[in-house]
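To start, the structure under review is shown below, and the notes come after it.
The values are calculated or read from the model by the stated rules, or taken from the named source; none is laboratory data. Everything numeric in this text was worked out from a predicted model, so none of it was measured. A quick note on method: Cβ atoms are made from the backbone with ideal geometry, for glycine too, and the neighbour counts reach across all protein chains shown. Remember, those area values only see protein heavy atoms, side chains included, never the ligands or the DNA or RNA. Shrake-Rupley method; radii C 1.70, N 1.55, O 1.52, S 1.80 Å.
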Amino acid sequence: MAQQPDLNFFKNLEAGTEVRLYLADQRIPSFHWTHERVERDLVYGRIQFEGYSRQFPWQAYLFFDGSQVRLACYCFVTDTGERVDLPSATELYLSALLPSQYRGHGNEFYKPPTSVHFKDRELDQLQFAVSRLTRAGLTPAYSEGRDVRTCYVKFKLKGALDFRLESEALGAAVMIRKSRRGLLTPAKWSLWITDYSNRSVQPGGWGKDGIDISPGSTDIVRLAGLPDMEAVVKALLEGADLLVSRNR
């Protein structure tokens, strides 16, 4: 079976090392990689896609999402001016994939848990935690207003809160979910925090280099089965500490 390279694989490569990496894409099965360095969650080097002669300049074409390294490119332009689209956040492999590794569209028999409405007391707990982060310099950014009650996801789904935490140098997305498996079972909570700090690798746009680089975020907190909002708040504050410390 084709193995996936982790971040240590790239950290152990010397600058100038050339390797071939593979994609789960029949159109572009692989690319030639010339390594330069690893900087936080980004991997810098030069890239040339199989079947195309154009080699793109030194840049952060790969990123670490918290569990694996992925391709951060979404499209590029060939020497003849043709635009080639790439699947987003593509997984990488060290050898060509076997047929069984080409993934389908998920398990159609999976039944997600039922979302549960938040209680006012729970929202008050979360609002107080967010105010602590505000005093520490992390600005909460909501889709509507500044109160945590306004940061429901699109269509105002019950049991779902999404917001961002940002400062001049930092950025993170926070997702909180409340759900239960059955009417007689207690509600459980999930918390995800993804770090998208230091991702402005192509501030001038992609027109000059002919390739679109958009590194995704890195999971720094991914917790499920939390018993109550108190546990969510504790994990949120610890996640904010991690966000700051990992980007120093």
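Which of the residues belonging to the range 32-46 are at negative phi, touching a residue at least 40 places away in the same chain (Cβ under 8 Å) and either out of contact with any strand residue (DSSP E or B) (no Cβ under 9 Å at 6 or more places or on another chain) or not acidic (Asp, Glu) (or both)?
Selection gives Leu42 alone.
On the basis of being more than 22 Å from Leu7 (Cα to Cα) and open to solvent by less than 40 Å² (accessible area, probe 1.4 Å), does Ala231 make the cut?
The answer is yes for Ala231.
What are the pairs with Cβ atoms under 6 angstrom where one residue, in the range 164-192, is on the phi > 0 side of the Ramachandran plot and the other, located anywhere, is open to solvent by less than 30 Å² (accessible area, probe 1.4 Å)? Sequence gap at least six, or different chains.
If the second residue must be open to solvent by less than 30 Å² (accessible area, probe 1.4 Å), no pairs are left.
Sort out for me the strands (runs of 3 or more DSSP E) sitting completely within the range 112-216 that have 3 or more residues that are closer than 30 Å to Arg70 by Cα, among the charged types (D, E, K, R) and not assigned by the TED database to the domain that holds Asp85.
160-166
Within the range 50-62, identify whether any single residue is surrounded by fewer than 18 Cβ atoms within 10 Å (Cβ to Cβ) and touching a helix residue (DSSP H, G or I) at 6+ places or on another chain (Cβ under 9 Å), and answer yes or no.
Looking through the range 50-62, none of the residues is surrounded by fewer than 18 Cβ atoms within 10 Å (Cβ to Cβ) and touching a helix residue (DSSP H, G or I) at 6+ places or on another chain (Cβ under 9 Å).
Got a sec? Which of Ile47, Ile28 is open to solvent by less than 10 Å² (accessible area, probe 1.4 Å) and in a loop (DSSP other than H, G, I, E, B)? It would help to see each step written out before you state the result.
Numbers: Ile47 fails: in a loop (DSSP other than H, G, I, E, B).
Result: Ile28 is the single residue among Ile47, Ile28 that is open to solvent by less than 10 Å² (accessible area, probe 1.4 Å) and in a loop (DSSP other than H, G, I, E, B).
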